[in-house]
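Trainee: Provided herewith is a single structure, encoded as structure tokens, for subsequent inquiry.
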Amino acid sequence: CRIPAEDSFHSTSFSEAEPPRVFITGGLGQLGAGLAGLLRRRFGKDNVILSDIKKPPAHVLHSGPFIYADILDYKKLREIVVNHRITWLFHYSALLSAVGEANVALARDVNITGLHNILDVAAEFNVRLFVPSTIGAFGATSPRNPAPDLCIQRPRTIYGVSKVHAELMGEYYHSRYGLDFRCLRYPGIISADSQPGGGTTDYAVQIFHDAAKKGTFECNLKASTRLPMMYISDCLRATLEVMEAPAERLSMRTYNISAMSFTPEELAQAILKHIPDFQITYCVDPLRQAIAESWPMKLDDSNARMDWGWKHDFDLPQLVATMLTFHGASTR
Ligand code: AKB
């Protein structure tokens, strides 16, 4: 039986004076290496172990501990948590919205069965667990402008369904077994030196690369599609802040976080201020468009701001200047 007995649950004690021993799954996705960098600066390089089932590029391998870990291999997960004395786990393995629809069986395995393994191992060994959720956990019947923390959630993608499941299972394990589960609903995340893999908001990352390199961009969403977005450094800082927040400050375990909302047209206008001959064209992907239209235009993150002091740094003009500078575009 993998469900922890209640009396054995607190057997592994975690001293708050010690830095956490951190394990990150899905570490070669858009956010893992950046999160590892932030956590290593705070807790020490060797206290943060990045993992994935892919071969890491040299710069990742040289920046700190990396191990192979398949979240579908439960015995191996237990071995890692025990051998490396893990006290915090960040669970980033997941198939995103668009790629999930192209491979539902794999998305179900990774996003749902994999999550069950992670919940069980975290509960068994008293590990503080962060699982990212997403704007994709809302659906067409949710309030869209803004979407509050608590409302109807009826997503119609396997990604969204698996994330609602993760939110509910994490909260259930928290109340049933005392698992220290923490979860943020991320907007679309925009990063310069890492690529998202198969999401609906990916256009907002690719546009900067193409604007800087080619001066043109073909967008797969309609010009008027408004979605919540956030710069990666805000997202990673929010993740660390919610993990460090004293438990008594958390009135809930799943929070919306928000920074800005824009449409492709508004983003193109902001880029034009730096690259005056930039041109955007539209070739709409019906799958991504339908997904985007079922997602909120804006998230209400007032609970995160009130409970643990969440505050974003990057707005649209700062985001555009930072991304174009990174990509070497001559910005005004
Ligand atoms: C996606 O587009 O699937 C992700 C997300 C918003 O969760 N970036």
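Trainee: Cβ contacts < 7 Å: first residue of a type in the set (Asp, Glu), restricted to region 178-196; second residue in a strand (DSSP E or B), any location; separation 6+ or different chain. Result?
Mentor: Between residues of region 178-196 that are of a type in the set (Asp, Glu) and residues that are in a strand (DSSP E or B), the close pairs are ASP180/ARG128; ASP180/LEU129.
Trainee: Moving on to the next point. Output yes when any residue across region 96-118 is within 12 Å of the ligand (Cβ to nearest atom) and in contact with a Pro (Cβ under 8 Å, 6 or more places away or on another chain), and no when none is.
Mentor: Within region 96-118, one or more residues are within 12 Å of the ligand (Cβ to nearest atom) and in contact with a Pro (Cβ under 8 Å, 6 or more places away or on another chain).
Trainee: When you scan region 40-60, do you find a residue that is crowded, with 23+ Cβ neighbours inside 10 Å, touching a residue at least 40 places away in the same chain (Cβ under 8 Å) and hydrophobic (A, V, I, L, M, F, W, C), even just one?
Mentor: No; the residues of region 40-60 include none that is crowded, with 23+ Cβ neighbours inside 10 Å, touching a residue at least 40 places away in the same chain (Cβ under 8 Å) and hydrophobic (A, V, I, L, M, F, W, C).
Trainee: Search region 27-39 for residues being in contact (Cβ under 8 Å) with a residue 60 or more places away in the chain and either aromatic (Phe, Trp, Tyr) or in a loop (DSSP other than H, G, I, E, B) (or both), and hand back the single one that is nearest to the ligand (Cβ to nearest atom).
Mentor: GLN30
Trainee: In this structure, does ILE271 turn out to be over 28 Å from ARG40 (Cα atoms) and among the β-branched types (Val, Ile, Thr)?
Mentor: Taking the combined requirement at face value, the residue satisfies it.
Trainee: Let me ask something else about it. Can you name the condition, by its number, that PRO19 falls short on among (1) modelled with pLDDT under 95; (2) in a loop (DSSP other than H, G, I, E, B)?
Mentor: (1)
Trainee: Could you list, in sequence order, all residues of region 24-77 that are closer than 17 Å to SER93 by Cα and among the polar types (S, T, N, Q)?
Mentor: THR25, GLN30, SER51
Trainee: Something else: Can you tell me which residue is nearest to ALA270 (Cα to Cα) among those in region 309-321 that are in a loop (DSSP other than H, G, I, E, B) and out of contact with any strand residue (DSSP E or B) (no Cβ under 9 Å at 6 or more places or on another chain)?
Mentor: So the residue we want is LYS311.
Trainee: Can GLU171 be described as more than 16 Å from the ligand (Cβ to nearest atom) and surrounded by fewer than 20 Cβ atoms within 10 Å (Cβ to Cβ)?
Mentor: Considered against the rule, which asks whether it is more than 16 Å from the ligand (Cβ to nearest atom) and surrounded by fewer than 20 Cβ atoms within 10 Å (Cβ to Cβ), GLU171 comes out as yes.
Trainee: Any residue that is touching a helix residue (DSSP H, G or I) at 6+ places or on another chain (Cβ under 6 Å) and either within 19 Å of GLY100 (Cβ to Cβ) or among the hydroxyl-bearing types (Ser, Thr, Tyr) (or both) - is there at least one of those in region 203-219?
Mentor: No, region 203-219 contains no residue that is touching a helix residue (DSSP H, G or I) at 6+ places or on another chain (Cβ under 6 Å) and either within 19 Å of GLY100 (Cβ to Cβ) or among the hydroxyl-bearing types (Ser, Thr, Tyr) (or both).
Trainee: Something else: Tell me which strands (runs of 3 or more DSSP E) are completely within region 197-308 and hold 3 or more residues being touching a residue at least 60 places away in the same chain (Cβ under 8 Å) and within 14 Å of the ligand (Cβ to nearest atom), or say none if there are none.
Mentor: The strands (runs of 3 or more DSSP E) meeting that bar are 227-231.
Trainee: Moving on. Take the residues in region 181-195 that are within 12 Å of the ligand (Cβ to nearest atom) and not in a loop (DSSP other than H, G, I, E, B); name whichever of them is farthest from the chain's Cα centre (by Cα).
Mentor: So, considering only residues that are within 12 Å of the ligand (Cβ to nearest atom) and not in a loop (DSSP other than H, G, I, E, B), the one farthest from the chain's Cα centre (by Cα) is ILE190.
Trainee: Restricting to region 93-131, and then to whatever is among the hydroxyl-bearing types (Ser, Thr, Tyr) and buried (at least 23 other Cβ atoms within 10 Å of the Cβ), can you tell me which residue is nearest to TYR203 (Cα to Cα)?
Mentor: Filtering region 93-131 for residues that are among the hydroxyl-bearing types (Ser, Thr, Tyr) and buried (at least 23 other Cβ atoms within 10 Å of the Cβ), the one nearest to TYR203 (Cα to Cα) comes out as SER97.
The values are calculated or read from the model by the stated rules, or taken from the named source; none is laboratory data. In this text, all values refer to a predicted model and were calculated from it rather than measured experimentally. So basically every Cβ, Gly included, is an ideal-geometry build from the backbone, and we count neighbours across all protein chains shown.
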